Each structure stands twice: as C-alpha cells, then as structure tokens.
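Only one structure is covered here, and it is reproduced in the block below.
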Amino acid sequence: MYRTHNCGQLRITDAGSEVTLSGWVQTIRDKGFMMWIDLRDRYGVTQLIFTEENTGADLFEAARKLGREFVIQVSGKVIERSSKNDKIPTGDIEIEVQALQVLNAAKTPPFTIEDNTDGGDDLRMRYRYLDLRRANVQQNIIFRSQVAIETRKYLAEQGFIEVETPVLIKSTPEGARDFVVPSRMNPGEFYALPQSPQTFKQILMVSGFDKYFQIVKCFRDEDLRADRQPEFTQIDCEMSFVTQEEVLQTFEGLTRYLFQATKGITLPEFPRMNYDEAMQRYGSDKPDIRFGMTFTELNDLAKGHGFSVFDEAELVVGFCAEGQAEHYSNKDIKELTEWVKRPQIGAKGLVYIKLEADGSIKSSVGKFYSDEALQQWAAHFGAKAGDLLLILSGEAEKTRKQLGELRLEMGRRMGLMQANDFKPLWVVDFPLLEWDETAERFFAMHHPFTSPKKHDIARMLDGDFETMKSLRADAYDLVINGVEIGGGSIRIHDRALQEKNFKLLGFTQEQAESQFGFLLGAFEFGAPPHGGIAFGFDRLCAVMSGQKSIRDFIAFPKNNQGRDMMIDAPSPIAGEQMDELYLQSTWTPGS
Ligand code: ASP
C-alpha cells in the first residue's frame with residue numbers, strides 16, 4: 001500500500017498512530033543532526049522529521065540524498081510538533097520517519113514549485129506538468145472540475161439531457177474563421193471544427209429532445225487577444241417551447257446555484273438592462289455595475305457657446321468621479337488625457353471640471369463657459385464640491401465606448417472593482433443586425449439563427465434598409481462584473497423567416513442552401529419554437545474566482561501565438577502524410 005493517508009489529512013488527534021504517506025519533496029531543511037522535509041500532494045503538505053536516533057544512520061544518510069520533487073514513500077509515527085504552524089491544517093503534527101523509499105528521483109525543476117514561482121510564462125508552459133503541481137494552479141483546475149460537476153447536477157435536475165455533437169463538421173464562412181481538417185477518404189475535401197454546436201442543438205430541438213446541454217469544446221481560429229484561446233469550452237444549452245423569460249430564469253438559476261454550491265455565495269438580483277440603455281449609460285454592452293459613474297449627456301448645455309469642439313460633436317457626454325477633485329492635479333489630468341488619447345482608446349482629448357472643496361470651479365473649458373454655466377452642468381451631473389467631472393465628445397457611438405473605457409479605468413483607480421463583489425445582470429433587446437460600413441453589409445449581431453422580436457417580424461419581412469437597422473432581437477447576454485459570461489437567443493424556427501435573414505446577411509439562395517440546407521429542411525418538418533444560450537465555461541470559472549485570465553483555468557492552454565509549448569504544436573507533418581491527405585505544400589516551414 002502506497003499510503004494510508006494523504007498529505008493534507010493528519011491532525012493532532014492522529015498523534016501516536018503509525019502511518020504511510022507518499023508524495024513529492026517540497027522543501028528540505030537539514031540541520032546536520034536533524035532534518036525536516038515537507039511532503040506534498042494535491043491535498044496539502046505534511047512535515048516529516050528525520051533524526052539519526054529515531055530514523056537510524058542508514059536511513060538518515062539516504063534521506064540526505066533526496067532532492068526537491070523526488071517522489072518518496074515514508075512510514076512512521078504521527079507526533080505533536082514542538083513549534084506549530086497555524087498556516088496549514090496539518091501544522092500541529094509531524095511524522096517521525098522510520099522507513100523511507102524513493103519511488104522516483106527527480107531532476108531539479110527549472111522553476112520553484114511554489115505559489116509565487118520564479119518561472120516565467122514560457123518556461124512554465126513548456127513544463128506545464130510542473131506548473132500544474134503548484135497549489136494555486138491546481139486549485140483552479142480543481143475548481144473548474146467542481147463547477148462542471150455542479151453544472152451537470154443542476155441541469156440534470158432540471159431535466160436537461162446531455163448530448164454529444166460531432167467535432168468534425170462542415171465549414172461555414174459566417175462568424176469567426178474555422179479550423180479545418182483534411183479528409184483522407186474524400187480527397188480535396190475538408191471538415192471544420194465547430195465554432196459552437198449551434199445548428200446541431202437546434203436540430204436536436206426539431207427531434208424533440210426539448211432540453212439539451214453539453215459541456216463542449218469549441219474552436220475559433222481568431223487572432224488571439226489577451227483573454228482568448230483557439231479552443232475553449234462552453235456550457236451549451238437549448239430548450240423547446242420557451243420564451244426568452246424562461247431561458248433567463250433557468251440560467252439565472254444555474255448561475256445562482258453554481259455560486260452557492262462552489263463558493264457559498266448568494267448572488268444579488270440579476271437586473272435586466274436593454275442594450276440601448278447599457279450603451280447610453282455605460283458605453284458598453286457588458287457594463288460593470290459594481291459601481292455607478294453612469295453617463296450624463298450634455299448636448300443641451302454644452303453646445304452653442306463658441307467652443308467648436310463641442311459644437312461640432314454629435315455627442316458631449318461625461319461622468320462624475322465622486323470626491324476625486326483633490327486627487328487630480330494638472331499633471332494627473334494631463335496623464336489621464338494621454339491615457340484616453342492612446343490608440344487603444346482613441347479619444348481626441350479630455351475635458352475636465354473640478355468642483356473644488358471651497359466651492360470654486362476649475363475647468364479646461366473655463367474660457368468658453370462661465371462659472372454659473374459650469375455650476376449648471378454640475379447640477380445636471382448631480383455632482384457636489386470635491387467631485388471631478390470628466391467629459392468626452394465626438395461621434396456618438398465611438399465617444400460612448402471611449403468614455404466607457406475611461407469609466408472602467410477610473411473605477412479601477414478608485415478601487416471600486418472588488419474581486420469578491422459579484423454583480424450579475426442580463427443585457428437584453430440587442431439589435432438583430434449590425435451594419436458594417438467597410439464591408440457594406442449587415443452582420444448578425446448574435447448569429448444568423450437569432451429571431452427578431454415577434455412584433456418586429458412583419459417589419460423584417462418587408463421593411464426598408466433603415467427599418468432593418470432598427471430591428472430588435474430576442475437575444476440576451478449574461479454579464480458579471482463587466483465580463484460577458486454568455487449569450488443566447490430565441491431562434492427562428494420558420495423556413496421563410498430564416499431564408500429572409502440569410503438574404504439580409506448577404507447569402508445567395510444557393511449559398512444558404514448549400515451551407516444550411518439541412519437546417520432549412522428540418523424547419524419544414526415540424527420545428528418547435530426554441531431558444532438557448534451558451535456560457536463561456538473557462539471564463540465563468542475565472543470570473544467566479546475573481547481572476548482575469550482564462551488560461552489559468554485551462555489545464556493545457558495555448559500561448560499568445562496559439563502554440564502548445566509543452567507538446568510543441570502546431571508542427572509540420574511528414575511528406576507522406578501530406579500526400580495521403582492530398583495536401584500540396586506551397587509553403588516551406590521556416591521560410
Ligand atoms: N452558439 C452561440 C454562441 O456560441 C450561443 C447560443 O446562441 O446559444 O455564442
């Protein structure tokens with residue numbers, strides 16, 4: 001038997017018992033006549049004590065040859081420690097070792113196996129198996145497992161059926177870029193890896209499965225941004241005979257349950273906010289509502305006073321940073337102005353109004369507006385002495401987004417984004433279509449299968465171009481702390497309406513037929529009304545843990561170049577393999 005207990009298990013009440021433990025050598029403290037070793041496994045750390053007297057000279061010498069990360073087995077007696085460690089659950093005891101066996105030696109690891117390791121990103125990813133030994137990384141992966149198990153419990157309890165959908169499917173140009181897989185048996189033809197099981201889960205509804213879910217890998221060949229992975233996991237769901245309201249209730253229930261079951265946290269209400277309001281008040285379709293600083297529009301007060309920047313702007317809008325006047329010297333304001341002018345934000349400038357504690361007013365636009373006028377602005381903001389008003393102007397949509405970024409930055413600086421404060425909300429009533437100026441075409445704001453609101457169907461079927469821009473969808477996003485956890489929609493289940501949508505999105509009839517003919521066909525055989533949602537599972541785990549990076553919740557993530565550093569993928573394939581797949585290489589690796 002390798003072990004009677006694990007390394008996180010023994011307590012003072014076990015003192016006197018004979019035990020056997022197995023694990024990894026975490027640290028060695030050698031005092032010459034006495035030696036301590038911290039033995040680690042995924043359950044914790046237990047201190048071992050070796051003395052020449054109790055352990056015997058041979059064993060003592062053998063113990064001296066151990067190194068970090070050796071895998072060992074020890075037997076001995078649990079004794080009370082003379083100097084206790086109240087930071088770990090096993091801190092009251094140690095094991096007086098009487099037998100030692102080296103199960104496997106280890107090279108010195110290239111970085112320390114500690115929460116705060118000295119290993120850089122690349123090194124840790126190359127030796128991910130060592131990185132995964134670190135307790136904090138292990139906790140993330142264990143937490144992920146708990147969330148997955150609880151998800152299955154909850155959804156099963158609600159009558160959902162888990163169905164696996166295929167990984168080798170057909171490539172469709174809509175959405176992100178597909179990863180493709182050549183088919184050996186069908187020369188010159190390719191499968192695609194699914195960006196999501198969207199069409200399959202809708203087909204399952206046509207088949208009558210009624211409530212489907214799957215914790216499923218999805219693949220998107222996008223340029224990788226900080227928090228994206230080419231393969232990621234969704235909690236994917238679909239339901240029949242439901243309205244938007246029932247979908248929201250079900251997944252609000254799931255979210256509440258997951259926070260309660262895995263973290264003991266009771267979430268507050270999930271307010272609903274429509275898309276237009278989110279954009280107008282927060283400059284974002286995923287507002288962080290842990291704090292206020294909502295927007296105040298100033299067109300009426302700001303325009304027509306000879307300040308051309310405002311006069312020419314479509315929108316003048318700002319927010320009030322409470323109590324910040326004294327914290328922002330001219331130099332700080334200048335720095336903040338540079339911040340909004342960075343290309344990532346793209347504002348042309350920043351206007352401020354400082355309501356000094358003594359009642360005086362200081363502003364970068366003081367030349368154009370009297371103190372009385374600026375007081376009026378302050379009143380409009382609901383601001384008081386000590387507050388700082390920050391204002392941007394320009395084209396409406398862009399300006400709102402820029403101000404949204406500034407709001408988040410101020411929230412961060414003011415310490416208003418507490419990691420363990422969770423504020424969920426539903427953003428609803430998204431536009432159905434989004435006009436892309438450059439491509440000169442409509443894109444589906446959610447995806448092409450999303451239904452317009454019932455009252456918009458008639459307008460969609462015979463409206464003009466402007467009408468199309470105003471159509472609203474039964475589409476919704478769950479947002480927690482400014483992060484989009486997931487989104488979904490009620491779907492179109494009628495062939496004619498789906499065809500119309502494809503047409504609006506620029507598909508010819510032939511393209512729609514060749515890519516989605518199976519779905520259009522299925523709609524003709526009694527498709528029930530249906531809708532669903534998918535949560536980004538990696539992201540959900542990160543947000544629930546109050547962390548930013550989804551990578552830390554994926555056992556084997558890819559780096560920013562989409563590479564797996566441990567197995568070194570992607571990699572070239574052999575010439576014969578290329579031939580077998582009818583792939584002709586016009587590109588030599590490394591060229
Ligand atoms: N398939 C969608 C997505 O991946 C989610 C949904 O509409 O259910 O975003």
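Within the stretch 249-295, the set of residues being in a helix (DSSP H, G or I) and free of Cβ contacts under 8 Å to residues at least 12 places away in the same chain comprises Gln249, Arg256, Gln260, Glu277.
Of the residues making up the stretch 365-382, those that are assigned to a loop (DSSP other than H, G, I, E, B), more than 19 Å from Ser329 (Cβ to Cβ) and small (Gly, Ala, Ser) are Ser370, Gly382. Being assigned to a loop (DSSP other than H, G, I, E, B), without any contact (Cβ under 8 Å) to a residue 60 or more places away in the chain and over 12 Å from Leu406 (Cα atoms) holds for only one residue in Gly346, Gly323, Gly359, and it is Gly359. Taking Arg400 as the residue in question, decide whether it is touching a helix residue (DSSP H, G or I) at 6+ places or on another chain (Cβ under 7 Å) and in a helix (DSSP H, G or I). Spelling it out, Arg400 is indeed touching a helix residue (DSSP H, G or I) at 6+ places or on another chain (Cβ under 7 Å) and in a helix (DSSP H, G or I).
Each residue in the stretch 374-383 was checked for being touching a residue at least 40 places away in the same chain (Cβ under 8 Å) and either over 17 Å from Leu301 (Cα atoms) or loosely packed, with under 15 Cβ neighbours inside 10 Å (or both), and 2 pass.
Can you spot a residue in the stretch 534-542 that is out of contact with any Lys or Arg (no Cβ under 9 Å at 6 or more places or on another chain), acidic (Asp, Glu) and surrounded by 14 or more Cβ atoms within 10 Å (Cβ to Cβ)? For the stretch 534-542, residues out of contact with any Lys or Arg (no Cβ under 9 Å at 6 or more places or on another chain), acidic (Asp, Glu) and surrounded by 14 or more Cβ atoms within 10 Å (Cβ to Cβ): absent.
In the stretch 91-129, the qualifying residues are those that are in a helix (DSSP H, G or I) and at pLDDT below 95, and the one that is surrounded by the fewest Cβ atoms within 10 Å (Cβ to Cβ) is Asp122.
Quick check on the stretch 504-525. Is at least one of its residues in contact (Cβ under 8 Å) with a residue 40 or more places away in the chain and in contact with a His (Cβ under 8 Å, 6 or more places away or on another chain)? For the stretch 504-525, residues in contact (Cβ under 8 Å) with a residue 40 or more places away in the chain and in contact with a His (Cβ under 8 Å, 6 or more places away or on another chain): present. Within the stretch 463-485, being closer than 30 Å to Phe422 by Cα and either at pLDDT below 95 or basic (Lys, Arg) (or both) holds for one residue alone: Arg472. For the criterion of being at pLDDT 95 or above, within 14 Å of the ligand (Cβ to nearest atom) and among the aromatic types (Phe, Trp, Tyr), Phe209 fails. In the stretch 441-462, the residues that are over 21 Å from Gly486 (Cβ atoms) and modelled with pLDDT under 95 form Cβ pairs under 6 Å with partners that are in a strand (DSSP E or B) and within 15 Å of the ligand (Cβ to nearest atom), at six or more places apart or across chains, as follows: Met460/Pro452.
For the condition under 17 Å from Glu222 (Cα atoms) and either surrounded by 13 or more Cβ atoms within 10 Å (Cβ to Cβ) or modelled with pLDDT under 90 (or both), Ile550 qualifies. Once the stretch 171-204 is narrowed to residues that are of a type in the set (Lys, Arg) and out of contact with any strand residue (DSSP E or B) (no Cβ under 6 Å at 6 or more places or on another chain), the residue that is farthest from the ligand (Cβ to nearest atom) is Arg184.
Taken over the stretch 51-79, residues that are at pLDDT below 95 and assigned to a strand (DSSP E or B) amount to 1. Are any of the residues in the stretch 133-151 farther than 30 Å from Gln195 by Cα, surrounded by 15 or more Cβ atoms within 10 Å (Cβ to Cβ) and among the aromatic types (Phe, Trp, Tyr)? No, every residue in the stretch 133-151 fails to be farther than 30 Å from Gln195 by Cα, surrounded by 15 or more Cβ atoms within 10 Å (Cβ to Cβ) and among the aromatic types (Phe, Trp, Tyr). Applying the selection to the stretch 334-367, what residues are farther than 24 Å from Glu397 by Cα, of a type in the set (A, V, I, L, M, F, W, C) and surrounded by 18 or more Cβ atoms within 10 Å (Cβ to Cβ)? Selection gives Leu355, Ile361.
The values are calculated or read from the model by the stated rules, or taken from the named source; none is laboratory data. What you see is a predicted model; the values in this text were computed from it and never measured. FYI the Cβ positions are ideal-geometry reconstructions off the backbone, even for glycines, and counts take in every protein chain you see.
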